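Below: one structure, written as structure tokens.
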């Protein structure tokens with residue numbers, strides 16, 4: 001059952017809710033056409049780029065990307081010098097982009113709810129593990145780099 005509690009599964013579930021709202025309960029609302037498609041595409045693209053940059057750093061530092069494991073190294077370079085959670089930020093951008101592309105206006109509240117779930121299920125436990133493992137290094141890093149943006 002551990003494979004169910006992974007961020008991509010949560011993202012897929014929230015995206016499915018957004019799609020269902022768009023397809024079955026549009027309520028006559030939309031974002032207004034081409035600009036929403038463009039902005040949605042930008043959000044999805046930005047999210048994918050953030051994730052790719054983060055995965056490259058994980059690979060370069062030869063540490064785990066799996067959320068429930070303690071990393072072997074504290075990554076502070078690359079995209080991690082700008083945000084402590086680029087993959088989760090990328091997930092949120094992808095969800096926002098899909099909502100915009102699908103004209104799922106009523107699904108917009110899913111974005112902050114998704115961020116809250118990810119923060120509680122993954123970010124806080126990961127930071128607790130890193131705080132225990134890397135102590136002062138993580139404390140300095142957390143003071144220097146924001147959790148999200």
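Every number in this text was worked out from the coordinates using simple rules, so none of it is lab data. Remember, it's a predicted structure, so these values are computed and weren't measured experimentally. A quick note on method: Cβ atoms are made from the backbone with ideal geometry, for glycine too, and the neighbour counts reach across all protein chains shown.
Using only Cα atoms, tell me the angle between helix 7-24 and the longest principal axis of the chain; keep it within 0 to 90° and round to the nearest 10.
Helix 7-24 and the main axis of the chain meet at about 10 degrees.
Using only Cα atoms, tell me the angle between helix 34-61 and the longest principal axis of the chain; keep it within 0 to 90° and round to the nearest 10.
20 degrees
If neighbour count is taken as other Cβ atoms inside 10 Å, put 4, 75, 113 in order from fewest to most.
Result, fewest neighbours first: 4, 113, 75.
Pairs of Cα atoms under 8 Å, at least six residues apart: use those to get the relative contact order of the range 30-144, whole percent.
Worked out over the range 30-144, it gives 35 percent.
Mind checking the angle between helix 124-144 and the chain's longest principal axis? C-alpha axes, 0 to 90 degrees, to the nearest 10.
70 degrees
Using Cβ contacts closer than 10 Å as the measure, can you line up 135, 101, 147 from fewest to most? Don't skip to the answer; put the middle values down first.
Working: 135 11, 101 20, 147 14.
Ordered by Cβ neighbours within 10 Å, fewest first: 135, 147, 101.
Please report 141, 88 as a ranked list, fewest other C-beta atoms within 10 angstrom at the top and most at the bottom.
The fewest-first ordering by Cβ neighbours comes to 141, 88.
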